[in-house]
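Chemist: Can you read through this structure? Questions will come right after.
The numbers here are math on the coordinates, done by the rules we state, and not lab data. Predicted model, so just to flag it, every value in this text is computed and none were measured. All Cβ positions, glycine included, derive from the backbone under ideal geometry; neighbour counts span all protein chains shown.
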Amino acid sequence: MTNDNRTELVKEGERLDDLQLGGLYLIQNPGRFCFGVDAVLLSDFARVKPGETVLDMGTGNGIIPILLSAKTEGKHFTGLEIQADTAEMARRSVAYNNLEERINIVTGDIKEAAELFRPAFFDVITVNPPYMLARHGLTNSEDAKTIARHEILCSLDDILRESMKLLQDKGRFYMIHRPFRLAEILIKMNAYKIEAKRLRFVHPYIDKEPTMVLIEGVRGARSRVTVEPPVIMYRRDG
């Protein structure tokens, strides 16, 4: 696609962000939910081997598949997004970066993911899910930012149930979440036969409590978890 044609992919009210990685760009709408540092952290934490297939659940604007396409040698990446307008914007970002052969954006519901794709098809699943329960601080349940932050359209159970069905045996599951829900997450992962294998906490400062936790699980694995050195986001001088 020529540069002139690419500019037509960015619509009024949207912006084009330079990802500072391999010449990649992302189309975003500031009025909707824009990606944050959690997506970048998850794309760094996830391990994708050459030739593997990856599903990103709740892909939003497609940031994680696009980052993983540059950071790994994965064969193909699929982003699943329930909001049609957000999925359409993600497709335009894929086209802008000429990644149509490696990335596919599917409009669909996480709760029905196992009906959209072949069982045990994916080597890796990534997800940056809503952190908050639906009842916590809920205002407008149809707002894109609210949907991204609260479990309105899918729950942790939905994500894990569908991941169990779609991952190959010993397939890997990667998620970033909030530490205050870690006990619940580990119990439910075990119930859905996705065994936690790696944990990494993310702290804003070295002397502050963690605000995020990165989790790797393996479908059908034995119980053994490693807690990796933490990520410290900022020094005291910022």
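Chemist: Kindly flag which residue pairs out of Lys75/Lys165; Lys11/Lys165; Lys111/Lys197 have an alpha-carbon separation exceeding 31 Å in this structure.
Modeler: Details: Lys75/Lys165 21 Å; Lys11/Lys165 37 Å; Lys111/Lys197 25 Å.
Check vs 31 Å cut-off fails for Lys11/Lys165.
Chemist: Now for a different question. Compute the length gained on full extension between Tyr234 and Gln168: take 0.36 nm times their separation in residues and subtract their Cα-Cα distance, giving the result in nm to one decimal. Could you put the intermediate results ahead of the total?
Modeler: Details: separation 66, 0.36 × 66 = 23.76 nm, distance 3.74 nm.
Gain on stretching Tyr234 to Gln168: 20.0 nm.
Chemist: Once phi is turned into θ = phi - 60°, what whole-Hz ³J(HN,Hα) does the Karplus curve with 6.51, -1.76 and 1.60 give for every residue of the range 96-106, x standing for Gly and Pro?
Modeler: Result, ordered by residue: 4, 8, 6, 10, 4, 6, 10, 10, 10, 9, 10 Hz.
Chemist: Further, regarding this structure: Can you give me the distance in nm between label points at Arg15 and Asp157, each placed 7 Å from the Cα along the Cα-to-Cβ direction?
Modeler: Reported label-point gap for Arg15 and Asp157 is 4.0 nm.
Chemist: Percent antiparallel among DSSP beta bridges with both residues in the chain, to the nearest 5?
Modeler: 45
Chemist: In terms of modelled amide H atoms, which long-range or inter-chain residues lie less than 5 Å from the amide H of Gly171?
Modeler: Distant-sequence amide H within range of Gly171: Arg219.
Chemist: Now a separate question. Only loop residues by DSSP count here, and only those with at most 15 other Cβ atoms within 10 Å; note down the chymotrypsin sites (Phe, Trp or Tyr not before Pro) in the range 183-238 that meet that. Each step should come with its number before you reach the end.
Modeler: Details: sites: Tyr192, Phe201, Tyr205, Tyr234; in loops: Tyr192, Tyr205, Tyr234.
Qualifying residues, ordered by number: Tyr205, Tyr234.
Chemist: Shifting gears a bit: Counting other C-beta atoms within 10 Å, and keeping those with at most 11, which DSSP coil GluC sites (Glu not before Pro) do you find in the range 14-107? Present the calculation step by step, with values, prior to reporting the outcome.
Modeler: On the way: sites: Glu14, Glu52, Glu73, Glu81, Glu88, Glu100, Glu101; in loops: Glu14, Glu52, Glu73, Glu100, Glu101.
Loop-located and lightly packed - Glu73, Glu101.
Chemist: How large is ³J(HN,Hα), in whole Hz, for each residue of the range 29-40 in order, when computed from phi with the Karplus curve 6.51 cos²θ - 1.76 cosθ + 1.60 and θ = phi - 60°, using x for Gly and Pro?
Modeler: Listing the rounded values in order: 10, x, x, 10, 8, 8, 5, x, 5, 4, 5, 5 Hz.
Chemist: Let me spell out the model: positive unit charges on the Cβ of Lys and Arg, negative unit charges on the Cβ of Asp and Glu, origin at the Cα centre of the range 3-232. What dipole size does that give, in debye rounded to 20?
Modeler: Details: 31 positive and 33 negative charges, 191 e Å.
Rounded to the nearest 20 debye, it is 920 debye.
Chemist: Search the structure for amide H atoms under 5 Å from the amide H of Gly79, placed 1.01 Å from N in the peptide plane, and list their residues when 5 or more places away or on another chain.
Modeler: Under 5 Å from the amide H of Gly79: Asp56, Asn104, Ile105, Val106.
Chemist: Now, a different point. With 10 angstrom as the radius, rank Val225, Val54 by how many other C-beta atoms surround their C-beta, starting from the fewest.
Modeler: Working: Val225 13, Val54 26.
With the sparsest Cβ surroundings first, the list reads Val225, Val54.
Chemist: Can you work out the Karplus-derived ³J(HN,Hα) for every residue in the range 168-182? Use 6.51 cos²θ - 1.76 cosθ + 1.60 with θ = phi - 60°, whole Hz, and x for glycine or proline.
Modeler: 5, 4, 6, x, 9, 10, 10, 9, 10, 8, 9, x, 5, 10, 5
Chemist: If you take the beta carbon distance between Arg118 and Lys71 as r and set R0 to 35 Å, what does 1/(1 + (r/R0)^6) give as a FRET efficiency, to the nearest 0.05? Could the numbers behind the result be given before it?
Modeler: Numbers: r = 26 Å, r/R0 = 0.73.
Efficiency computed from Cβ-Cβ geometry: 0.85.
Chemist: With each label point set 7 Å from Cα along the Cα-Cβ vector, what nm distance links Lys193 and Arg181?
Modeler: That separation, rounded to one decimal, is 2.4 nm.
Chemist: Along the charge dipole of the chain, Cβ charges K/R +1 and D/E -1, which of Val48, Tyr96, Gly13 sits furthest on the positive end?
Modeler: Val48
Chemist: Follow-up. In deg cm²/dmol and to the nearest 500, what is the mean residue ellipticity at 222 nm of the chain if only DSSP H runs of at least 4 residues count, each as -39500 (n - 2.57), divided by the residue total? Present the calculation step by step, with values, prior to reporting the outcome.
Modeler: Details: 8 runs with 67 residues, N = 238.
Here the helix-only value at 222 nm equals -7500 deg cm²/dmol.
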